[in-house]
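Below is one structure, written out as structure tokens, with a few remarks after it.
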Amino acid sequence: MTELTREQVLQALGRVRGPDLDRSIVELKMVSDVFISDGKVYFSITVPADQAEALEPLRQAAERTVKAIPGVKGVLASLTAERKQGTAPAPRPQPPAGAPASQGHTHSHAHSHGQPQPPRTKAGVPGIEAIIAVASGKGGVGKSTTAVNLALGLKANGLRVGILDADVYGPSMPRLLGITGRPQQIENRIIVPMENYGIKVMSMGFLVDEGTAMIWRGPMVQSALMQMLREVAWGDLDVLVVDMPPGTGDAQLTMAQQVPLSGAVIVSTPQDLALIDARKGLNMFNKVEVPVLGIVENMSYFIAPDTGNRYDIFGHGGARAEAEKIGVPFLGEVPLTISIRETSDAGTPIVVSDPDGPQAAVYRQIAEKVWNEVKAHSGRTAPAIVFE
């Protein structure tokens with residue numbers, strides 16, 4: 001079978017008429033970011049921001065057209081209002097006579113460039129009571145390991161939990177939770193999340209092969225995140241934990257600006273360089289008015305397995321001091337242990353593989369503090385979470 005090419009996709013999309021009905025969406029330069037992986041085609045269609053809802057049939061028609069190409073296993077088309085510099089804006093379709101003006105919204109966000117933005121309404125996700133972002137200012141601090149064990153700690157404390165892997169470029173939840181395979185799609189393009197250890201999971205890692213290099217621009221990342229959040233059959237959850245990408249880039253702003261986050265947990269190591277980057281994450285959430293639930297100091301200290309001696313390899317107490325300095329809760333210290341790394345790599349996180357061990361107790365205690373902070377910020381009385 002010949003390899004599927006971008007040119008084949010564009011040729012097929014050349015048969016899809018744009019809103020003016022005279023030219024195709026390719027001729028109108030509305031198609032961008034065509035990406036092909038393992039027989040699956042991803043692309044975005046540029047539309048006016050206020051016409052996204054009216055142009056949903058156009059997106060569906062484009063998907064059907066590409067899906068008809070021999071060799072195509074799946075298609076994901078998204079609408080975006082952000083266009084490449086130098087391309088023509090998409091023509092604005094006129095609503096039928098007597099029809100109300102569309103109030104649709106796109107998945108992209110506006111960059112403020114320092115200008116004050118009007119208050120934005122963040123649509124909630126039906127069935128999900130609280131959404132918590134787990135973030136870090138830089139990579140390599142154990143954020144994803146912390147996120148998965150926090151989610152499992154919340155589950156161990158009696159809550160209904162899901163986890164969304166928002167790191168599109170480096171998804172790690174399939175490996176951390178030992179899940180393989182592809183999620184099923186049901187009616188209306190809704191995806192059934194994968195599940196393990198009693199936690200519902202959605203990740204880009206389920207949709208593309210592990211070795212695939214993701215080269216998406218901002219609009220595609222934004223659209224993929226919103227679809228993984230809003231077009232997934234999460235069911236009824238007490239809390240959805242979102243494993244954010246490291247840093248303070250486009251994906252983080254998309255989540256912070258468009259999702260009604262109940263709060264954010266910042267993960268840092270004790271060292272000064274990591275704390276400097278953690279402050280950037282704190283500042284970002286403060287600017288978009290997302291409460292910071294607290295800071296976790298990961299790799300806080302090392303206990304030698306042979307002697308029991310303690311070593312502060314990366315320093316110690318820096319995250320606690322930073323939390324006190326800026327007035328946010330300090331959630332706890334997670335030690336640097338071989339068991340946490342090995343169980344994470346094996347897809348059997350420490351909270352489920354050694355639930356009675358000291359490390360699992362640390363994560364459950366952090367989970368308890370996080371949930372109490374969520375309830376405090378929501379103005380509701382936090383339930384007593386009791387564990388042995």
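The values are calculated or read from the model by the stated rules, or taken from the named source; none is laboratory data. Quick caveat, the model's predicted, so the values are computed rather than measured. Positions of Cβ are generated from backbone atoms using ideal geometry, with glycine treated the same way; all protein chains shown enter the neighbour counts. Please note that ligands, DNA and RNA were not included when accessible areas were found on the heavy atoms of the full protein model with its side chains. Shrake-Rupley method; radii C 1.70, N 1.55, O 1.52, S 1.80 Å.
Overview of values
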read-out	value
Breaking point among (1) at pLDDT 80 or above; (2) crowded, with 18+ Cβ neighbours inside 10 Å, for residue 301	(1)
Count of residues meeting criterion [part of a loop (DSSP other than H, G, I, E, B) and not hydrophobic (A, V, I, L, M, F, W, C)] in the stretch 149-169	5
Set 344, 339: member being of a type outside the set (A, V, I, L, M, F, W, C) and either crowded, with 18+ Cβ neighbours inside 10 Å or not in a helix (DSSP H, G or I) (or both)	344
Count of the stretch 175-187 residues which are in contact with a strand residue (DSSP E or B) (Cβ under 6 Å, 6 or more places away or on another chain) and either outside any loop (DSSP other than H, G, I, E, B) or of a type in the set (Phe, Trp, Tyr) (or both)	1
Top-ranked residue in the stretch 260-289 [being of a type in the set (Val, Ile, Thr) and surrounded by 24 or more Cβ atoms within 10 Å (Cβ to Cβ); ranked as modelled with the highest pLDDT]	265
In the stretch 354-388, residue modelled with the lowest pLDDT [restricted to those that are of a type in the set (Ser, Thr, Tyr) and over 19 Å from residue 162 (Cα atoms)]	381
Selection status of residue 82, of a type in the set (D, E, K, R), open to solvent by 30 Å² or more (accessible area, probe 1.4 Å) and either farther than 25 Å from residue 169 by Cα or modelled with pLDDT of 75 or more (or both)	no
Those residues of the stretch 37-49 which are closer than 21 Å to residue 70 by Cα, open to solvent by 20 Å² or more (accessible area, probe 1.4 Å) and over 21 Å from the mean Cα position of the chain (by Cα), in sequence order	38
Verdict on residue 90 being open to solvent by 40 Å² or more (accessible area, probe 1.4 Å), modelled with pLDDT under 70 and assigned to a loop (DSSP other than H, G, I, E, B)	no
